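For reference, the structure is listed below as structure tokens.
The values are calculated or read from the model by the stated rules, or taken from the named source; none is laboratory data. Computed from a prediction, not measured in an experiment: that's the story for all the values here. Please note: Cβ atoms are built from the backbone with ideal geometry, for glycine as well, and neighbour counts cover all protein chains shown.
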Amino acid sequence: MQTQNKQKEMEARIAIIDRIGREIARPNADDVDIKARFPIETANALREAGAFIWPIPVEFGGLGVDSFELAKQCAVLGQYDASAAAALAMHHTQILSAVHHANGNAALQDYMRRVAKENRIIASVTSEVGPGGNMRNSQCAVERQGDRYTLTKKATTVSYGSYADDLMITARKDSTAAAGDQVLVIAERGNFELKDKGVWDTLGMRGTCSEPATVVAHGDAWQVMEVPFADIATYTMVPTSHIFWAACWYGVATDAVNKSRELL
């Protein structure tokens, strides 16, 4: 009975994503692509449905939805708007990057509760001018001043950064650390600024609005996550992001096949 209930709950959530895709994402997808603008209508609908907090554990205010279902959600949304699906995939990846490494960290757990309560959307800042696309190397470094931190990073892409509530940023753990000795840093809304923003005018994924920018952030010391980024990347960020992105591409391909069939 419990398994049947969980299956029904999953199907209900998938149906919500499908409805949002069909009624909101698809009608706006052409305009999103033509103007290279963020699919704000879809993001607002996902927020209203509570989809951004679904991966957060129940004890922190979410639903504890697993990666299997999250991938299905990305695939379903990908049939209607690839950019919206990619943004959802990236947000889910950031959530899990915090959730999976919050054990014993009361401050990080409290942060997850705030994210759930306020239904925040989180973006990542892992790329940087200099390392040549290598996410596992950083030039910028965290500067600590007592119980506070500051950070400035010249990012090559900040996907939907102008629309995110919070950012998760990679950096060297301090100014003396090697390029690969990294941490993941949380910058909450009101505590970061995107300066010198560039242009995102690409052939595809135009609605992710992944323009380059200089990120200037500050916050409390606890927002510099204790777990080395090497572990977060290996065990969570890299595998989940690729699973979710692959699900997005599967959704795009599914839609292409369905449209082709209509012409036969």
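Can you find a residue that is over 17 Å from the mean Cα position of the chain (by Cα) and within 19 Å of Ala177 (Cα to Cα) anywhere in the stretch 232-245? The answer is no; no qualifying residue exists. Restricting attention to the stretch 223-233, the residues being surrounded by 15 or more Cβ atoms within 10 Å (Cβ to Cβ), in a helix (DSSP H, G or I) and either hydrophobic (A, V, I, L, M, F, W, C) or without any contact (Cβ under 8 Å) to a residue 24 or more places away in the chain (or both) number 3.
Number of residues in the stretch 107-130 that are closer than 29 Å to Gly180 by Cβ, touching a Lys or Arg at 6+ places or on another chain (Cβ under 9 Å) and not in a loop (DSSP other than H, G, I, E, B): the value is 1. Residues being part of a loop (DSSP other than H, G, I, E, B), in contact with a strand residue (DSSP E or B) (Cβ under 8 Å, 6 or more places away or on another chain) and over 17 Å from Val224 (Cβ atoms) are represented in the stretch 182-193 by at least one member.
Entry remark, the stretch 70-83: residues being within 16 Å of Thr202 (Cβ to Cβ) and under 15 Å from the mean Cα position of the chain (by Cα) number 2 in total.
Return yes or no: is Ser162 among the small types (Gly, Ala, Ser), under 12 Å from Ser124 (Cα atoms) and surrounded by 19 or more Cβ atoms within 10 Å (Cβ to Cβ)? Explain how you work it out, then say what you get.
On the way: among the small types (Gly, Ala, Ser): yes; under 12 Å from Ser124 (Cα atoms): yes; surrounded by 19 or more Cβ atoms within 10 Å (Cβ to Cβ): no.
Here the answer is no, as Ser162 does not meet what is asked.
Residue-by-condition table, conditions (1) in contact (Cβ under 8 Å) with a residue 40 or more places away in the chain; (2) outside the structural domain of Ala179 (by TED's automatic domain parsing); (3) surrounded by 19 or more Cβ atoms within 10 Å (Cβ to Cβ):
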site	(1), (2), (3)
Val99	yes, yes, yes
Thr126	yes, no, yes
Gly130	no, no, no
Gly133	no, no, no
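Look at the stretch 234-259: where a residue is closer than 15 Å to Gly21 by Cα and a partner is modelled with pLDDT of 95 or more and outside any helix (DSSP H, G or I), sitting 6+ places away or on another chain with Cβ atoms under 7 Å, you get Gly251/Gln79; Thr254/Gln79; Asp255/Gln79. The lone criterion from (1) outside the structural domain of Ile243 (by TED's automatic domain parsing); (2) within 11 Å of the chain's Cα centre (by Cα) left unmet by Ala86 is number (1).
Inclusion of Arg172 among residues that are in the same structural domain as Asp147 (by TED's automatic domain parsing) and either surrounded by fewer than 18 Cβ atoms within 10 Å (Cβ to Cβ) or under 30 Å from Tyr80 (Cβ atoms) (or both) is not warranted.
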